[in-house]
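Contents: one structure, followed by commentary.
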Amino acid sequence: MTDLSAFIRGLPKAELHLHIEGSLEPELMFELSRRNKVAIPFGSVEEVRAAYAFSNLQDFLDIYYQGAAVLLTERDFHDMAMDYFRRVAADGTRHVELFFDPQTHTDRGVPFAVVADGLLAGMAEAGREFGITSSLILCFLRHLDEDAAFATLKAAEPWLDRIAGVGLDSSEVGHPPSKFARVFAAAGERGLKRVAHAGEEGPPEYVWEALDLLKVDRIDHGNRALEDPALVQRLAAEGMTLTVCPLSNLKLCGVSDLRLHPLKKMLDLGLRPTVNSDDPAYFGGYVGENYTRIADALALTKSDLVTLARNSFTGSFLPPAEVAKHLAAIDAYASAS
Ligand code: HPA
Ligand code: ZN
């Protein structure tokens with residue numbers, strides 16, 4: 001463990017790439033399985049953890065959607081969110097923009113209202129209890145079709161004043177951003193921010209499409225953008241934020257060793273990466289652990305870590321005055337450390 005871990009814990013951070021369903025720990029999965037009388041194909045917490053050996057994104061998604069089946073009530077979504085916030089409060093996280101996948105639940109008969117109201121209740125409580133601010137990003141599942149995405153946007157209509165933006169997740173290869181150009185345009189017309197997973201497993205072309213067709217405000221992951229120098233130049237020129245997830249990339253075999261992770265290269269190329277956990281219950285670490293492990297693997301300096309933390313606020317959807325307040329807190333902390 002690096003001696004930077006105490007510095008990292010005290011560093012004010014925002015998390016911009018967190019699937020709330022991916023924070024469902026096996027312990028809570030078992031509790032909800034009992035509470036809701038929903039069977040899960042595991043005998044123990046240890047058996048669940050042993051099943052978390054993935055060789056690619058789809059391996060993970062299959063088990064992640066299965067795990068989400070225990071979530072039925074507002075209280076379940078609230079409890080899952082509070083479990084997450086309790087952990088990241090201890091990590092020095094001040095702000096979270098969390099993804100949720102409504103279609104994973106509405107397709108099982110759980111109403112959109114149950115999902116959104118449960119999460120919003122947990123977010124409000126985390127604000128009161130831990131002083132963490134948060135907002136919601138509604139993700140469309142890209143393995144489903146455009147009509148289903150439009151239906152989800154329609155179902156979300158009454159909550160749009162409490163939703164910061166839309167995103168695009170699930171199985172990337174074979175489901176290019178172009179499939180969702182019209183629904184992203186409709187979301188933009190409603191004043192929503194736009195983000196998309198691109199370049200996690202998919203090619204650089206998908207990152208171009210996310211920029212040009214979806215008009216995204218951030219790229220989620222973006223690792224494979226480094227294969228295309230013209231794309232790197234574009235991302236740097238636009239100051240585009242990349243929400244990078246080191247332990248996720250390791251667990252899903254995007255990199256074979258954290259020492260080979262492209263995060264430092266992204267910084268050196270003048271890009272704007274941030275550090276995030278993606279699905280912390282499945283990938284072996286919350287946001288603080290992602291910072292600590294990648295700092296260790298790539299020998300990041302305090303100055304690199306400050307840049308990454310600053311990027312997490314400048315890339316957030318917080319109002320400029322809030323961003324400025326967090327940046328001042330980072331600078332004060334860095335100069336006192
Ligand atoms: N990638 C794509 N879709 C996802 C992920 C991910 O890491 N986690 C949850 N949905
Ligand atoms: Zn993700």
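The values are calculated or read from the model by the stated rules, or taken from the named source; none is laboratory data. Everything quoted here is computed from the prediction, not taken from an experiment. Cβ coordinates were reconstructed from backbone atoms using ideal geometry, including for glycine residues, and neighbour counts include every protein chain displayed. Accessible surface areas use protein heavy atoms only, side chains included; no ligands, DNA or RNA. Shrake-Rupley method; radii C 1.70, N 1.55, O 1.52, S 1.80 Å.
Based on the alpha-carbon gyration tensor of the chain and its eigenvalue square roots a ≥ b ≥ c, which shape applies: rounded if a/c is under 1.5, prolate if not and a/b is larger than b/c, or oblate?
It comes out rounded by the Cα gyration axes.
Express in Å², to the nearest 10, the accessible area of Glu31 obtained by rolling a 1.4 Å probe over the protein heavy atoms while all chains stay in place.
Near enough 80 Å² of accessible area.
Once R0 is set to 45 Å, what does the formula 1/(1 + (r/R0)^6) return for the Cβ-Cβ distance between Arg162 and Ser303, expressed as a FRET efficiency to the nearest 0.05?
Efficiency for this residue pair is about 0.75.
Using the Karplus curve 6.51 cos²θ - 1.76 cosθ + 1.60 with θ = phi - 60°, what ³J(HN,Hα) values do you get for each residue of the stretch 176-182, in whole Hz, with x for Gly and Pro?
Whole-Hz 3J(HN,Hα) from phi for the stretch 176-182: x, x, 3, 4, 10, 4, 6.
Please compute the contact order of the chain in relative form: average sequence separation of alpha-carbon pairs under 8 Å and at least six residues apart, divided by the residue count, as a percent.
21
Hey, quick one: spin label on Ala113, modelled 7 Å out along Cα-Cβ, who in the stretch 133-167 has an amide N within reach, i.e. under 18 Å?
Output list for this probe position: 152-163.
Report the full-extension gain for the segment Val173 to Gln66: residue separation times 0.36 nm, less the Cα-Cα distance, to one decimal in nm.
Difference between extended and current length: 36.4 nm.
Please give the Cα centre distance for the stretch 217-277 versus the stretch 128-180, rounded to the nearest Å.
22
Tell me which of Ser55, Val275, Phe184 sits at the most positive position along the dipole axis of the stretch 3-336, charges placed on C-beta atoms (Lys, Arg +1; Asp, Glu -1).
Val275
Search the structure for amide H atoms under 5 Å from the amide H of Asp228, placed 1.01 Å from N in the peptide plane, and list their residues when 5 or more places away or on another chain.
When sequence neighbours closer than 5 places are left aside, there are no close amide H contacts.
Apply the Karplus curve 6.51 cos²θ - 1.76 cosθ + 1.60, θ = phi - 60°, to the phi angles in the stretch 248-258 and return the couplings in whole Hz, x for Gly and Pro.
5, 4, 5, 5, 9, 6, x, 10, 8, 7, 4
Over the alpha-carbon set of the stretch 125-164, work out the extent along each principal axis and list the three values in angstrom, largest first.
Result, largest extent first: 39, 22, 12 Å.
Compute, for the chain, the length of the dipole vector about the Cα centre, with Cβ point charges of +1 (Lys, Arg) and -1 (Asp, Glu) only. Units Debye, rounded to 20.
720
Under the rule of -39500 (n - 2.57) per DSSP H run of 4 or more residues, summed and divided by the residues of the chain, what mean residue ellipticity at 222 nm is obtained, to the nearest 500 deg cm²/dmol?
Using -39500 (n - 2.57) per qualifying helix, the result is -15000 deg cm²/dmol.
Mind checking the per residue accessible area of the stretch 3-336 for me, 1.4 Å probe, whole number of Å²?
Ligands and nucleic acids excluded, the result is 37 Å² per residue.
For Lys264, go through the lysines and keep the ones whose alpha-carbon is under 16 Å away, minus same-chain ones fewer than eight residues off.
Lys302
On a 1.4 Å probe surface of the protein chains, which of Leu260, Leu250 comes out largest in accessible area, and what is the full order?
These residues rank, largest area first, as Leu260, Leu250.
I'd like the per residue volume of the convex hull spanned by the Cα atoms of the stretch 254-337, given in cubic angstrom.
111
Check the straight Cα-Cα distances from Lys179 and name the lysines below 22 Å, setting aside those fewer than 8 residues away within the same chain.
Output for Lys179: Lys154, Lys193, Lys215.
Would you work out if the stretch 55-132 is rounded, prolate or oblate? Take a ≥ b ≥ c from the square roots of the eigenvalues of the alpha-carbon gyration tensor; rounded if a/c is under 1.5, else prolate when a/b is larger than b/c, oblate otherwise.
Oblate shape, in that a/c is at least 1.5 and b/c is the bigger or equal ratio.
Write down Rg/Rh for the stretch 1-124, rounded to two decimals, with Rg from the C-alpha atoms and Rh from the Kirkwood relation over Cα pairs.
0.99
What is the stretch 195-281 by shape, rounded, prolate or oblate, if you read a ≥ b ≥ c off the alpha carbon gyration tensor as root eigenvalues and call it rounded for a/c under 1.5, prolate for a/b larger than b/c, and oblate otherwise?
Here the stretch 195-281 falls in the prolate category.
Multiply the residue separation of Glu238 and Glu189 by 0.36 nm, subtract the distance between their alpha-carbon atoms, and state the gained length in nm to one decimal.
Here the segment from Glu238 to Glu189 would lengthen by 15.5 nm.
When the chain is fully extended, how far beyond the present Cα-Cα distance does Val38 get from Ser335, taking 0.36 nm per residue of separation?
Taking Val38 through Ser335 to full extension adds about 101.8 nm, to one decimal.
Which residues does a label at Cys253 reach in the stretch 159-196, if reach means a backbone N under 20 Å from a point 7 Å past the Cα toward the Cβ?
Residues 170-175 qualify, since their backbone N sits under 20 Å from the label point.
Between Glu129 and Ala6, what is the label-to-label distance in nm when each label sits 7 Å out along the Cα-to-Cβ direction?
2.8
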